[in-house]
């Protein structure tokens, strides 16, 4: 299972990919931490010094999908998508065991608004198409 520290660290690394953490990105990182029981001091410590991402390909399929959804949602949150953010998401996709193009295809079906829910079955079908056996 992906630890909360690792989940937040992945989001922090993505937010920093364009060398500018937007208020919206910072907000979603803090909110994610708080919703999962971290206090402000713990969240600030992770923001100041995020953990190494480590080996992600051993995660269960459901957690891999959650990781990709969180990354893509954060990438799109400030309504500005930079190539460095896409590159980072693609690197994480590879670490999760998927071909990088999964990021572009998933992006079309993942929304930044928490009120708009993505079709989970469709997202699972998409990631299955991009699975690399030798991850």
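Quick notes on this one:
- Scanning the range 8-27 for residues that are assigned to a helix (DSSP H, G or I) and surrounded by fewer than 20 Cβ atoms within 10 Å (Cβ to Cβ), we see that the one that is farthest from the chain's Cα centre (by Cα) is 23.
- Applying a threshold of 6 Å to beta carbon distances and a minimum spacing of six or more residues, or different chains, the list of pairs starting in the range 1-27 at a residue that is farther than 21 Å from residue 93 by Cβ and ending at one that is assigned to a helix (DSSP H, G or I) and at pLDDT below 85 reads 24/77.
- Condition check for residue 51: touching a residue at least 40 places away in the same chain (Cβ under 8 Å), surrounded by 16 or more Cβ atoms within 10 Å (Cβ to Cβ) and either touching a strand residue (DSSP E or B) at 6+ places or on another chain (Cβ under 9 Å) or over 19 Å from residue 111 (Cα atoms) (or both): no
- Subset of the range 28-39 that is without any contact (Cβ under 8 Å) to a residue 24 or more places away in the chain and within 15 Å of the chain's Cα centre (by Cα) - its residue that is surrounded by the most Cβ atoms within 10 Å (Cβ to Cβ): 30
The values are calculated or read from the model by the stated rules, or taken from the named source; none is laboratory data. Since the model is a prediction, treat every value here as computed from it, not as a measurement. Note: ideal-geometry Cβ built from the backbone for every residue, glycine included; neighbour counts use all protein chains shown.
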